[in-house]
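This report concerns only the one structure given below.
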């Protein structure tokens, strides 16, 4: 005879994991979701079942709370991985694949750093970061300018370090790109760095990591506000290979304490 109680628990665990794929749904607006989160907090056996079930699906649980809901990330090799290759391919960029990954990776990294510029901001659950496309684009360009200055100071071509492939070509390519490149129809061309940033911000918005705010009167552009879901992602994951590359070069301050970061597959974007 089948154990109906265990079957109900397994179904409930799978349902909670499934909510993690619906980032726009929150426990505050869904009674079933809220009840499952409450059970996860109060029942260690259920929490264990959720964690092991997620692992079997190729997912790592990053956090479960009434504020963020279920937050998980794809483990290496999981069917749920979103490859940076796939994301970059949608942009139809002209450079080689390694450069494409790095261009988009460094942009996602810049968004995370600008959203949480201080360690205490990342650690504070009540902190809300704000970013806009123009400041992200300008920040990445300033990083690339710094790398170019270092290359000039060395009076030689700088080969990318063995542990950081692609960075050299990344800053060279980025500096050659225009910030904006209007097409004949008045749209932004895919080669513009502003387009890369806009795609990254839209990607995060679609996955419930950012919310759209009103238009900034000074910059006349839409601003984005971070969600707790995104804060958990940035706090727990060094999201791209570009993070490690820039951290090694000392260009960017570290995000959180070193032992508080877990590095995921460097070719994997947020799930």
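Sorted ascending by nearby beta carbons within 10 Å, beginning with the fewest, 145, 121, 45 become 45, 145, 121. Here residue 15 and residue 118 are evaluated by their C-beta separation; at R0 = 41 Å the FRET efficiency comes out at 0.65. Rounded to the nearest whole angstrom, the semi-axes of the ellipsoid equivalent to segment 4-74, taken from the Cα gyration tensor as √(5λ), stand at 17, 15, 10, largest first.
Take the Cα of residue 148, step 7 Å toward its Cβ, do the same at residue 31, and the gap between the two points is 6.0 nm. Ranked for footprinting exposure by Cβ neighbours inside 10 Å, fewest first, 42, 179 give 42, 179. The packing ranking of peptides 132-142, 5-15, highest mean first, is 132-142, 5-15, where packing means the average number of other beta carbon atoms within 10 angstrom of each residue.
Zone of residue 225 (label point 7 Å along Cα→Cβ, backbone N under 18 Å): which residues in segment 7-24? In segment 7-24, the label zone of residue 225 (backbone N under 18 Å from the point 7 Å along Cα→Cβ) covers 24.
All of the numbers you see were taken from the coordinates with simple rules; none came from a lab. All values reported here derive from a predicted model rather than from experimental measurement. Cβ atoms come from the backbone with ideal geometry, glycine included; neighbour counts cover every protein chain shown.
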